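S.K.: Shown below is the structure under consideration.
The values are calculated or read from the model by the stated rules, or taken from the named source; none is laboratory data. What you see is a predicted model; the values in this text were computed from it and never measured. Cβ placement follows ideal geometry from the backbone for every residue including glycine, while neighbour counts extend to all protein chains displayed.
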Amino acid sequence: MFEDILLVAPYPRLVDLAEEVRQQANIPFKIILGNLDERSEEIDMCIQNGIKVVVSRGGTAQYLRQRLSVPVVDIPVTSFDILNAISKMDGKGFTQIAFITTANIIVSTEHFQKIMDISLRFEPCKDVSYIPDKVRELTREGIEAVIGDVTATHIAAASGIYGQLLESGYQSLLHALNDAQRVLEVTRLEKARVKQMEAILNMISEAVLAIDKQGDVTLYNVSAEKIFGRPRQNVLGHRLAECLPESKLGDVLARTREEKNLLVEVSQKKIISNRIPILIDGQIQGAVAIFEEISNIQKLELSIRQKLNEKGFIAKHTFAEITNNSNEMVKIVNQARRYAKSDGTILIYGETGTGKELFAQSIHNGSKRDAGPFVSINCAALSEGLLESELFGYEGGAFTGASKGGKQGLFELAHGGSIFLDEIGEISPSFQAKLLRVLQEKEIRRVGGDRVIPIDVRIICATNRDLKEEVKSRRFREDLYYRLSVLEINLPPLRARKADVISMAISFLRQECIRENKNLYWHDDNIFRSLPQYEWYGNSRELHNFVDRLVICSEEGELKQEFIEEMLRSKLDEREDEDHLTVRAHKDIKRMEAEILSKMLERCEGDKNQLCRELNISRMTLWRKMNYKSDT
């Protein structure tokens with residue numbers, strides 16, 4: 001604080017008064033005794049060492065203001081100071097007295113025109129250079145004495161008349177020092193605001209360029225430096241047309257209208273620019289341009305999509321990837337394309353491996369929500385409690401093991417996009433009621449929370465069950481069924497559209513060759529003609545697995561029909577083995593059924609959900625049949 005304020009005292013008495021003020025008012029400041037350009041080097045050194053405000057008076061203050069870059073505060077002259085100067089001339093018999101000093105030192109003089117029999121003239125001069133001529137002029141006119149600053153009194157003495165120094169009193173100096181402290185505080189706040197603005201402007205990726213109404217550059221951030229290739233010191237404060245002639249921001253000053261999403265070229269870079277005029281009370285005060293390289297926008301979009309992809313919130317597939325050589329599939333794809341344009345809930349029926357999620361992703365990418373997230377969840381893979389917390393989210397501390405800050409549910413994460421609920425037929429009746437409420441109210445409440453969160457989500461469901469039969473048997477709510485089946489798609493099994501088998505196999509083959517980095521070729525697609533003869537009960541998933549094995553087991557070079565048929569016979573043999581189970585005969589049929597289910601579960605590697613899907617039964621039915629106990 002000591003190095004912040006400097007008092008430049010034009011006369012010694014002001015130094016003594018300043019010491020008195022410093023002791024009594026507890027205002028820290030540095031003092032230099034000097035007049036006009038005296039001790040200018042010492043003053044400059046103080047500025048370099050951190051002085052931020054200078055206090056002085058009269059011509060000295062004017063002179064310093066012209067040559068220094070820091071604020072200069074004037075010491076005012078009060079009525080008391082004027083009367084004090086007049087009183088010091090008491091008894092000298094002067095009747096014609098002139099106050100001659102610079103204009104910045106005399107204030108509120110209109111009531112001092114005449115005191116007793118003394119005629120007072122106040123002659124403020126524009127600056128100190130006018131004072132000598134003014135003193136000589138008034139001397140010729142009969143002025144007997146001059147009251148003024150150091151320069152005026154020296155010239156008066158040289159002209160043969162009396163000169164009385166107009167000194168600033170205690171209150172005048174204190175007032176000036178308080179003003180200096182206020183200037184310091186305002187300057188600090190302004191610097192903090194500027195630094196904050198600079199930090200914000202330099203943190204954002206967009207380039208920012210601003211000019212005032214004269215066309216001088218007032219803002220120019222780091223991103224703008226990178227685009228224009230010119231350093232800030234060569235741009236800030238300079239005329240835009242001179243330092244950045246390729247910028248058209250100056251045109252906004254003349255047109256006074258916004259210009260958005262303009263494609264321009266700067267330094268051989270493609271730029272998207274938005275230009276905005278700054279209008280205050282209808283008057284143009286400047287303009288701002290915000291712009292960014294197209295390449296950066298593309299990178300940002302790619303980064304966002306990659307992050308969504310990492311979270312599984314992006315749909316990768318489109319209708320173009322769906323093989324539809326059969327007439328039935330052509331109709332189904334066209335139907336799905338029409339459904340994609342609407343926002344209605346879609347229910348997709350189909351066996352495991354028929355491509356239900358492929359259609360769901362294609363519908364999302366063909367809809368108006370394609371820019372939003374695509375969230376997928378298998379309802380059969382989670383228990384009811386876990387499914388609820390995953391779909392609806394939970395608040396911190398809602399249950400043991402819950403994250404401290406809570407967690408967003410998939411419905412929240414899918415806001416603005418689509419959510420795919422696979423195996424919807426497996427959810428419990430109690431959870432069906434909760435899902436129905438979400439569909440009706442279009443809002444969710446997190447587990448353990450009391451806040452209602454509105455959602456905007458398109459729902460796509462899939463199942464391998466006949467939900468109409470489930471409704472009849474009271475395993476599925478009728479009202480929920482009608483909410484889900486606004487639009488329905490029935491995907492036929494691969495064995496019912498054998499015209500697509502060869503095309504799908506070739507597509508899978510090319511994918512696997514790339515993935516395995518293996519070069520395989522064939523001269524005629526007829527080498528695959530045996531594939532449609534197989535039933536492909538696992539649908540496209542089974543066909544894909546077969547092609548995967550085919551690529552792994554084949555040698556580099558030409559793919560032969562004989563090798564494909566050999567691999568297919570091997571698969572048929574495996575299928576026959578899978579179809580045979582050895583079970584001891586029992587009189588109790590239900591006991592034999594339990595043993596059969598136990599062996600089938602072993603082949604499914606303990607995956608009860610998979611076994612339930614293959615047998616088209618619920619987990620409760622499977623549990624009841626496997627835990628049968630005879631009465632004997």
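S.K.: Report yes if some residue within region 411-419 is within 27 Å of PRO492 (Cβ to Cβ) and not polar (S, T, N, Q); otherwise report no. Outline the logic, then answer.
M.R.: To start, the set of residues in region 411-419 that are within 27 Å of PRO492 (Cβ to Cβ) comprises 418-419.
Narrowing the set further to residues that are not polar (S, T, N, Q) leaves 419.
Looking through region 411-419, at least one residue is within 27 Å of PRO492 (Cβ to Cβ) and not polar (S, T, N, Q).
S.K.: When only residues in region 54-77 that are buried (at least 21 other Cβ atoms within 10 Å of the Cβ) and β-branched (Val, Ile, Thr) count, which is modelled with the lowest pLDDT?
M.R.: Out of the qualifying residues, it is VAL77.
S.K.: What number of residues in region 383-398 are modelled with pLDDT under 70 and closer than 27 Å to ARG619 by Cβ?
M.R.: Matching residues across region 383-398 total 1.
S.K.: If you check VAL235 against the conditions, is it at pLDDT 85 or above, within 24 Å of the chain's Cα centre (by Cα) and assigned by TED's automatic domain parsing to the domain that holds VAL288?
M.R.: No.
S.K.: Mind listing whichever residues of region 54-83 are aliphatic (A, V, I, L, M) and assigned to a helix (DSSP H, G or I)?
M.R.: The initial filter retains those residues of region 54-83 that are aliphatic (A, V, I, L, M), namely 54-55, 61, 64, 68, 70, 72-73, 75, 77, 82-83.
Within region 54-83, ALA61, LEU64, ILE82, LEU83 meet the criteria.
S.K.: Here's something else I'd like to know. Suppose we keep only residues that are outside any helix (DSSP H, G or I) and of a type in the set (Val, Ile, Thr) within region 247-280. Which one would you say is surrounded by the fewest Cβ atoms within 10 Å (Cβ to Cβ)? Let's see the steps before the verdict.
M.R.: To start, the set of residues in region 247-280 that are outside any helix (DSSP H, G or I) comprises 247-249, 256-280.
Narrowing further to those that are of a type in the set (Val, Ile, Thr): 256, 264, 266, 271-272, 276, 278, 280.
Working: THR256: 13, VAL264: 15, VAL266: 19, ILE271: 20, ILE272: 17, ILE276: 17, ILE278: 17, ILE280: 9.
Within region 247-280, the match that is surrounded by the fewest Cβ atoms within 10 Å (Cβ to Cβ) is ILE280.
S.K.: Scanning region 336-354 for residues that are polar (S, T, N, Q) and under 10 Å from ASN464 (Cβ atoms), which turns out surrounded by the fewest Cβ atoms within 10 Å (Cβ to Cβ)?
M.R.: If we take residues in region 336-354 being polar (S, T, N, Q) and under 10 Å from ASN464 (Cβ atoms), then THR352 is surrounded by the fewest Cβ atoms within 10 Å (Cβ to Cβ).
S.K.: Taking helices (runs of 4 or more DSSP H) that fall entirely within region 530-632, which contain at least 2 residues that are within 29 Å of ARG475 (Cα to Cα) and either of a type in the set (S, T, N, Q) or at pLDDT 80 or above (or both)?
M.R.: Details: elements: 539-553, 561-579, 589-603, 608-615, 619-626.
Passing ranges, in order: 539-553, 589-603, 608-615, 619-626.
S.K.: Tell me, which helices (runs of 4 or more DSSP H) lie completely within region 305-397 with 1 or more residues that are within 30 Å of LYS498 (Cα to Cα)? Full working, then the answer.
M.R.: Working: elements: 327-341, 356-365, 384-392.
Once the helices (runs of 4 or more DSSP H) in region 305-397 are filtered for at least 1 residues that are within 30 Å of LYS498 (Cα to Cα), what remains is 327-341, 356-365.
S.K.: Would a scan of region 254-265 turn up a residue that is in contact with a Ser or Thr (Cβ under 8 Å, 6 or more places away or on another chain) and within 13 Å of GLY286 (Cα to Cα)?
M.R.: no
S.K.: Scanning region 359-378 for residues that are within 24 Å of ASN609 (Cα to Cα) and free of Cβ contacts under 8 Å to residues at least 60 places away in the same chain, which turns out surrounded by the fewest Cβ atoms within 10 Å (Cβ to Cβ)?
M.R.: Residue satisfying both the conditions and the ranking: ASN378.
S.K.: Looking at (1) surrounded by 15 or more Cβ atoms within 10 Å (Cβ to Cβ); (2) assigned by TED's automatic domain parsing to the domain that holds VAL150, which one does LYS88 not meet, given that it meets all the others?
M.R.: (1)
S.K.: With respect to ASN526, determine if the residue is surrounded by fewer than 14 Cβ atoms within 10 Å (Cβ to Cβ) and among the polar types (S, T, N, Q). Step through it out loud before you land on a result.
M.R.: Numbers: surrounded by fewer than 14 Cβ atoms within 10 Å (Cβ to Cβ): yes; among the polar types (S, T, N, Q): yes.
Yes.
S.K.: Moving on. If you take the residues of region 427-468 that are among the charged types (D, E, K, R), surrounded by 18 or more Cβ atoms within 10 Å (Cβ to Cβ) and farther than 17 Å from SER389 by Cβ, which of them is modelled with the highest pLDDT?
M.R.: The qualifying residue modelled with the highest pLDDT is ARG458.
S.K.: Of the residues in region 169-205, how many are modelled with pLDDT of 85 or more and polar (S, T, N, Q)?
M.R.: Of the residues in region 169-205, 5 are modelled with pLDDT of 85 or more and polar (S, T, N, Q).
S.K.: Read through the list (1) of a type outside the set (Ser, Thr, Tyr); (2) part of a strand (DSSP E or B); (3) out of contact with any Leu (no Cβ under 7 Å at 6 or more places or on another chain), then give the number of the only condition that ILE284 fails.
M.R.: (3)
S.K.: Conditions: (1) out of contact with any strand residue (DSSP E or B) (no Cβ under 6 Å at 6 or more places or on another chain); (2) among the hydroxyl-bearing types (Ser, Thr, Tyr); (3) at pLDDT 85 or above. SER295 meets all but one. Number of the miss?
M.R.: (3)
S.K.: Next question. When the residues of region 206-224 are filtered to those that are in contact with an Asp or Glu (Cβ under 9 Å, 6 or more places away or on another chain) and among the hydroxyl-bearing types (Ser, Thr, Tyr), which remaining residue is modelled with the lowest pLDDT?
M.R.: SER223
S.K.: Taking into account only those residues within region 521-551 that are among the aromatic types (Phe, Trp, Tyr) and touching a Leu at 6+ places or on another chain (Cβ under 8 Å), which is nearest to THR352 (Cα to Cα)?
M.R.: TRP536
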